[in-house]
Amino acid sequence: MTENEIPSTVTREELYARVWAEPMQRVAASIGISDVALKKRCTKLFIPVPPRGYWAKKAAGKPTRVTKLPPWNAAKHGTLYTADFGPVRPVSAEMKLHRSAD
């Protein structure tokens, strides 16, 4: 596993840190799922994600806000603390080229 790949099981806190550290498409590619699937998983785990335009604003040096990770209420939401993505599937070079052409 390379440093850009996420293990198949991560904690809420680890996933939160990763989606605020780099764009969702890159995080999703390192897991081997789509950015839409990653967004759905984050929603299910009550993990806030950067809003549209966040990375463009950050790149332009404009002020951005990071939404804090809300505490997990086990009584209300159950005892799920990890996100299981199954085996990590590395993204092939062809897929990277295809995605960068879009």
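The values are calculated or read from the model by the stated rules, or taken from the named source; none is laboratory data. Predicted, not measured: the structure shown is a model, and the values here were computed from it. Here the Cβ is made from the backbone with ideal geometry for all residues, glycine too, and neighbour counts use every protein chain on show.
Quick rundown of the values:
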{"quantity": "Any pair with Cβ under 6 angstrom, 6 or more apart, that starts in the range 18-41 at a residue that is touching a residue at least 12 places away in the same chain (Cβ under 8 Å) and ends at one that is aromatic (Phe, Trp, Tyr) and not in a loop (DSSP other than H, G, I, E, B)", "calculated": "PRO23/TRP55"}
{"quantity": "Count of the range 21-34 residues which are part of a helix (DSSP H, G or I), in contact with a helix residue (DSSP H, G or I) (Cβ under 6 Å, 6 or more places away or on another chain) and under 22 Å from LYS68 (Cβ atoms)", "calculated": "2"}
{"quantity": "Pair list, Cβ under 8 Å, 6 or more apart: the range 53-73 residue surrounded by 14 or more Cβ atoms within 10 Å (Cβ to Cβ), other residue in a helix (DSSP H, G or I)", "calculated": "THR64/TYR54; THR64/LYS57; THR64/LYS58; LEU69/ARG12; LEU69/GLU13; LEU69/TYR16; TRP72/ARG12"}
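A quick yes/no check of all residues on (1) modelled with pLDDT under 95; (2) among the small types (Gly, Ala, Ser); (3) outside any loop (DSSP other than H, G, I, E, B):
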residue	(1), (2), (3)
GLU14	yes, no, yes
ALA37	yes, yes, yes
PRO71	yes, no, no
LYS76	yes, no, yes
LEU80	yes, no, no
ALA83	yes, yes, yes
PRO90	yes, no, no
SER100	yes, yes, yes
